[in-house]
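A quick write-up on the structure given underneath.
The values are calculated or read from the model by the stated rules, or taken from the named source; none is laboratory data. In this text, all values refer to a predicted model and were calculated from it rather than measured experimentally. Methodologically, a virtual Cβ is constructed for each residue, glycine included, from the backbone with ideal geometry; neighbour enumeration extends over all protein chains shown. The accessibility values were calculated without ligands, DNA or RNA, using every heavy atom of the protein model including side chains. Shrake-Rupley method; radii C 1.70, N 1.55, O 1.52, S 1.80 Å.
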Amino acid sequence: MDESPTLRGPRVTLRPARLEDAPALFELARDPAVTKYLAWPSPTCVEETREHLRLSAEQQRAPGSDIIHFCIARTGDDTPLGKTSLMHIHLAHRRAAVGSWIGRPFWGQGFMRETKALTLAYAFDALGLERVEAWVDIDNQRSLSSLERCGFRREGIARRHKRRGEAFVSQVLMAILRGEHVPLVRAVLNGQP
Ligand SMILES: CC(C)(COP(=O)(O)OP(=O)(O)OC[C@H]1O[C@@H](n2cnc3c(N)ncnc32)[C@H](O)[C@@H]1OP(=O)(O)O)[C@@H](O)C(=O)NCCC(=O)NCCS
């Protein structure tokens with residue numbers, strides 16, 4: 001895919017990740033509470049995070065790529081808060097999936113909600129998608145609640161869908177359709193909690 005656009009909201013800006021973000025993102029991602037439900041382990045050194053950012057940028061630019069990565073940054077001072085990606089972008093079927101994390105110091109303040117509003121406005125309005133999915137570990141209550149507050153609906157449970165260490169965990173398929181994102185986007189732009 002092309003270079004990620006910059007999407008600016010009142011409190012959150014989504015922009016391309018830069019190698020200079022590595023130290024801040026490493027400090028957030030080294031927290032095991034952040035990666036507990038993710039497909040990758042916490043990085044052990046800043047160079048690992050830098051390499052991850054390098055590879056992600058390469059993956060996005062590769063021919064036939066179906067992924068767009070963003071750094072989630074605070075509007076105003078540009079502090080990195082986490083990352084979000086639109087992946088499995090399928091333009092023929094007009095669908096994609098979203099995956100995100102933010103650092104623990106920034107949980108519980110609505111930053112992910114605004115991130116979802118910006119991502120969904122881009123996915124539905126700029127890319128013309130009809131459907132955006134999220135696959136969530138069945139015990140990741142925080143993510144399930146956050147997505148439901150954004151307008152995603154639970155569509156089903158895929159049993160033992162993901163390997164986590166030695167265990168296989170079931171995942172909830174969540175999805176939001178074109179038009180269902182409008183109340184969220186309006187509320188975020190109007191500064192409503
Ligand atoms: C899952 C995750 C993204 C959710 O983050 P979050 O901060 O809880 O998400 P939200 O932005 O929806 O925040 C909602 C909370 O902010 C509060 N809040 C404060 N100010 C707010 C505002 N202006 N607008 C909206 N909510 C606000 C809400 O009341 C709610 O609080 P509660 O959790 O105590 O009920 C985060 O916990 C995370 O990164 N986890 C690790 C990675 C992960 O699991 N990713 C998902 C994989 S599927």
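Could you identify the single residue in Ala73, Ala62 that is away from the ligand (no atom under 16 Å from the Cβ) and open to solvent by less than 50 Å² (accessible area, probe 1.4 Å)? Outline the logic, then answer.
Values: Ala73 fails: away from the ligand (no atom under 16 Å from the Cβ).
Of Ala73, Ala62, the one residue that is away from the ligand (no atom under 16 Å from the Cβ) and open to solvent by less than 50 Å² (accessible area, probe 1.4 Å) is Ala62.
Just give me the residues in the range 5-15 being part of a loop (DSSP other than H, G, I, E, B) and crowded, with 16+ Cβ neighbours inside 10 Å, in sequence order.
Residues of the range 5-15 part of a loop (DSSP other than H, G, I, E, B): 5-6, 9-11.
Those that are part of a loop (DSSP other than H, G, I, E, B) and crowded, with 16+ Cβ neighbours inside 10 Å: Gly9, Arg11.
Restricting to the range 57-79, and then to whatever is touching a helix residue (DSSP H, G or I) at 6+ places or on another chain (Cβ under 9 Å) and of a type outside the set (Val, Ile, Thr), can you tell me which residue is farthest from Glu3 (Cα to Cα)?
Going through the qualifying residues, I end up with Arg74.
Can you spot a residue in the range 164-180 that is on the phi > 0 side of the Ramachandran plot, more than 16 Å from the chain's Cα centre (by Cα), more than 10 Å from the ligand (Cβ to nearest atom) and open to solvent by 90 Å² or more (accessible area, probe 1.4 Å)?
The answer is no; no qualifying residue exists.
Restricting attention to the range 39-56, report how many residues are modelled with pLDDT of 95 or more and either surrounded by 12 or more Cβ atoms within 10 Å (Cβ to Cβ) or under 18 Å from Ile67 (Cα atoms) (or both).
Let us first name the residues in the range 39-56 that are modelled with pLDDT of 95 or more, namely 42-56.
When the remaining residues are screened for being either surrounded by 12 or more Cβ atoms within 10 Å (Cβ to Cβ) or under 18 Å from Ile67 (Cα atoms) (or both), the result is 42-43, 46, 48-56.
Counting residues in the range 39-56 that are modelled with pLDDT of 95 or more and either surrounded by 12 or more Cβ atoms within 10 Å (Cβ to Cβ) or under 18 Å from Ile67 (Cα atoms) (or both) gives 12.
Would you check if there is a residue in the range 166-173 being in contact (Cβ under 8 Å) with a residue 60 or more places away in the chain and over 27 Å from Ala73 (Cβ atoms)?
Residues of the range 166-173 in contact (Cβ under 8 Å) with a residue 60 or more places away in the chain: none.
Taking every residue of the range 166-173 in turn, none turns out to be in contact (Cβ under 8 Å) with a residue 60 or more places away in the chain and over 27 Å from Ala73 (Cβ atoms).
Can you tell me which residue is nearest to Leu14 (Cα to Cα) among those in the range 79-95 that are basic (Lys, Arg) and open to solvent by 20 Å² or more (accessible area, probe 1.4 Å)? Even if it seems obvious, please write down each step before you answer.
Within the range 79-95, the first condition is being basic (Lys, Arg), and the residues that meet it are 83, 94-95.
Filter once more, so that each one left must be open to solvent by 20 Å² or more (accessible area, probe 1.4 Å): 94-95.
Details: Arg94: 22, Arg95: 20 Å.
This residue is Arg95.
Within the range 104-125, does at least one residue satisfy the condition of being within 13 Å of the ligand (Cβ to nearest atom), in a strand (DSSP E or B) and either open to solvent by less than 10 Å² (accessible area, probe 1.4 Å) or farther than 22 Å from Pro193 by Cβ (or both)?
Checked against the condition, which is being within 13 Å of the ligand (Cβ to nearest atom), in a strand (DSSP E or B) and either open to solvent by less than 10 Å² (accessible area, probe 1.4 Å) or farther than 22 Å from Pro193 by Cβ (or both), the range 104-125 yields no hits at all.
Are there any pairs, at least 6 apart or on different chains, whose C-beta atoms fall under 7 Å, with the first in the range 16-34 and acidic (Asp, Glu) and the second open to solvent by 40 Å² or more (accessible area, probe 1.4 Å), and if so, which?
Once the first residue is acidic (Asp, Glu) and sits in the range 16-34, its partners that are open to solvent by 40 Å² or more (accessible area, probe 1.4 Å) give Asp31/Arg104.
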